[in-house]
């Protein structure tokens, strides 16, 4: 048996169509949506991801500024950059990309992103609202998993899903999104041993740890659906996931590829979220402060 590849391209295509509608609505208001990505690392996998966001944004007609502060950036420098972007009316979406330099408190800094511009659901306020079912931007990677499952009509209601990884970026918010859809969810972490005890019970397995080849065919039950969230750079410079694809594809019924799976949908969602934030912010802005196309700023 060879697992069905759950590619992200058709899912992203649908999201881009919604983005285009938003862009057209913003254009009628004379607004160009703006996204800023703050980076303070030289991690190659992270930089690859940021470049993919920038390409997707520019292709859609969203201005994207990568604010590279370097791997030695201090907390104060990152705080100041976020404050400037919060105050900048041409910036509608802000991402603080991890990892951050040693000694820098990511949680404290995420709280400094304006909730209105928190298009990747990183602010604790956004995560709290998500956890109780209130409106907020969900972390894009967590939402991408759900979008893929829904697009390929993989039912989650009443089914057992095991999520490997408990980060605030994927694992924890994905737990909330799956619970809202009436799934039964097990969340695993570094002390969940043996891992296969939990993954082999699940009808859907989501791997989101950042360890190449962590999940193999021995970890999944026959006919399981496997979603690989991992983005790791191998020694040869290739992008690989958390799932060992060859052995897993022999057991699973469906598997997302890396690259070309969750990451493709994630970048499309970040661009979509930016346009949604721009629409919300432009509605709240007095008309005299909206810069019309062709008029002086």
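A few comments on the model shown:
- Enumerated helices (runs of 4 or more DSSP H) restricted to region 25-125, each holding at least 3 residues that are touching a strand residue (DSSP E or B) at 6+ places or on another chain (Cβ under 8 Å) and on the phi > 0 side of the Ramachandran plot: none
- Tallying residues that are surrounded by 23 or more Cβ atoms within 10 Å (Cβ to Cβ) and free of Cβ contacts under 8 Å to residues at least 12 places away in the same chain within region 6-37 yields 0.
- In this structure, residue 106 qualifies as closer than 20 Å to residue 77 by Cα and at pLDDT below 95.
- Considering 202, 268, 252, the condition of being in a helix (DSSP H, G or I) and either buried (at least 16 other Cβ atoms within 10 Å of the Cβ) or in contact (Cβ under 8 Å) with a residue 24 or more places away in the chain (or both) is satisfied by 268 alone.
- Residues of region 130-148 satisfying the condition of being touching a residue at least 40 places away in the same chain (Cβ under 8 Å) and in a helix (DSSP H, G or I): 130, 131, 140, 141, 143, 144, 145, 147, 148
- In the set 237, 210, 260, 230, only one residue is under 30 Å from residue 26 (Cβ atoms) and in a loop (DSSP other than H, G, I, E, B); that residue is 260.
- Residue match in region 162-169 (condition: more than 23 Å from residue 94 (Cβ to Cβ), at pLDDT 95 or above and in a helix (DSSP H, G or I)): no
The values are calculated or read from the model by the stated rules, or taken from the named source; none is laboratory data. All of these numbers come straight from a predicted model, not from anything done at the bench. Please note: Cβ atoms are built from the backbone with ideal geometry, for glycine as well, and neighbour counts cover all protein chains shown.
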